[in-house]
Amino acid sequence: MNAIPAPTARQSDRARIEANKLAKRLRRDVGQAIADFNMIGEGDKVMVCLSGGKDSFGLLDTLLYLREKAPVSFDIVAVNLDQKQPGFPADILPAYLKGLGIPFHIEEQDTYSIVKRVVPEGKTTCSLCSRLRRGILYRVATELGATRIALGHHQDDIQETLFLNMFFGGKLKAMPPKLVSDDGRHVVIRPLAYCREKDLTAWAEHRQFPIIPCDLCGSQEQLQRKQVKAMLRDWEKRFPGRIENLARSLHNVVPSHLMDGKLFDFKGLEACGVPDPDGDLAFDSAFEDLDLARPGAIPLVPVG
């Protein structure tokens, strides 16, 4: 068997430069999201939910770095929910967290057996599994005195959820970067809201996180989320810039150009003789300079 040649000095330098760029990008994106949505303040105790996947490892790693640079003082406690999945390597996360020298808590609850018993074989386990995890994590946050619950959902997760809700739920709804928990007692934050999954994947490889696969939703190939993920990846490959525009659109919502009467008073709308910058011209101007030959451009199809 041929040995793999050691990287040259030039290759090592290039890899180091790329790793530094990646680290700066992730830390910048997380810091910007925290600032934009006021996710963490002075004296907060942030409970980082560590699943053992690349995203939550990246979240914890980045928050630990930013804590040392942040203009406010806050604490971090890592929490893992051991769901008693068969073959789960229970020693990996405690060893990793002890090595970091940070406070952590391992909560042991056999939700795996509940999900397998209640959900018929072949059906999606994500919904029930998520509800069970959420309730347990809220309780643990209260017990630990956490003021923020940090989840590892990234920009790709948010976009996938947007299309899942449109395609299968009939709602224009994604994942918010910050929300109040179901029980009204906790603030849940998603500091990775601006981060791309490909960056988190590359960072996990660089940092060599001890990734632990999930035997529930992670093993289900028929999930609608995986189909939406494949669709978005195809778009990104065929239409450069489309995914970035999609991300920007979530920050630029115009209720008057949708159809939700709870957000805009269509019934009470009448002509007033005063020009409205958000009227019809607001729609047209967005496409005035659109180069339809440019990759990612949206073709306008005549109606009628």
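The values are calculated or read from the model by the stated rules, or taken from the named source; none is laboratory data. Bear in mind that the values here come from a model prediction, so they are computed numbers and not experimental data. Backbone-built Cβ (ideal geometry, glycine too); neighbour counts: all protein chains shown.
What residue, of Glu160, Glu143, is surrounded by fewer than 16 Cβ atoms within 10 Å (Cβ to Cβ), closer than 23 Å to Leu81 by Cβ and among the acidic types (Asp, Glu)? Going through Glu160, Glu143 in turn, the sole match is Glu143. For the stretch 138-149, the count of residues that are of a type outside the set (Ser, Thr, Tyr) and in a strand (DSSP E or B) is nonzero.
Scanning the stretch 67-89 for residues that are within 21 Å of Ile106 (Cα to Cα) and either exposed (fewer than 15 other Cβ atoms within 10 Å of the Cβ) or among the charged types (D, E, K, R) (or both) yields Asp75, Asp82, Lys84, Pro86, Gly87, Pro89. Note on the stretch 245-292: residues that are part of a loop (DSSP other than H, G, I, E, B) and at pLDDT below 75 total 10. Pairs meeting the criteria (first residue in the stretch 14-42 and under 17 Å from Ala204 (Cβ atoms), second residue among the β-branched types (Val, Ile, Thr), beta carbons under 8 Å, at least 6 apart or on different chains) are Leu26/Thr62; Arg27/Thr62; Val30/Thr62. In the stretch 54-85, what residues are of a type outside the set (Lys, Arg), within 19 Å of Pro213 (Cβ to Cβ) and modelled with pLDDT under 95? Across the stretch 54-85, the qualifying residues are Asn80, Leu81, Asp82, Gln83, Gln85. Applying the criterion of being under 19 Å from the mean Cα position of the chain (by Cα) and not in a helix (DSSP H, G or I) to the residues of the stretch 150-170, the residue that is farthest from Val228 (Cα to Cα) is Ala150.
Met47 passes every criterion in (1) surrounded by 20 or more Cβ atoms within 10 Å (Cβ to Cβ); (2) within 20 Å of Arg196 (Cβ to Cβ) apart from (2). Across the stretch 198-218, a minimum of one residue is classified as part of a helix (DSSP H, G or I) and in contact with a Ser or Thr (Cβ under 7 Å, 6 or more places away or on another chain).
Does Ser56 satisfy being in contact (Cβ under 8 Å) with a residue 24 or more places away in the chain, more than 17 Å from the chain's Cα centre (by Cα) and under 21 Å from Lys178 (Cα atoms)? No: the conditions fail for Ser56. Taking residues in the stretch 86-109 that are free of Cβ contacts under 8 Å to residues at least 60 places away in the same chain and within 22 Å of Ala141 (Cβ to Cβ), and partners anywhere that are surrounded by 10 or more Cβ atoms within 10 Å (Cβ to Cβ) and aromatic (Phe, Trp, Tyr), the pairs with Cβ atoms closer than 9 Å and at least 6 places apart or on different chains are Pro94/Phe104; Leu97/Phe104; Lys98/Phe104.
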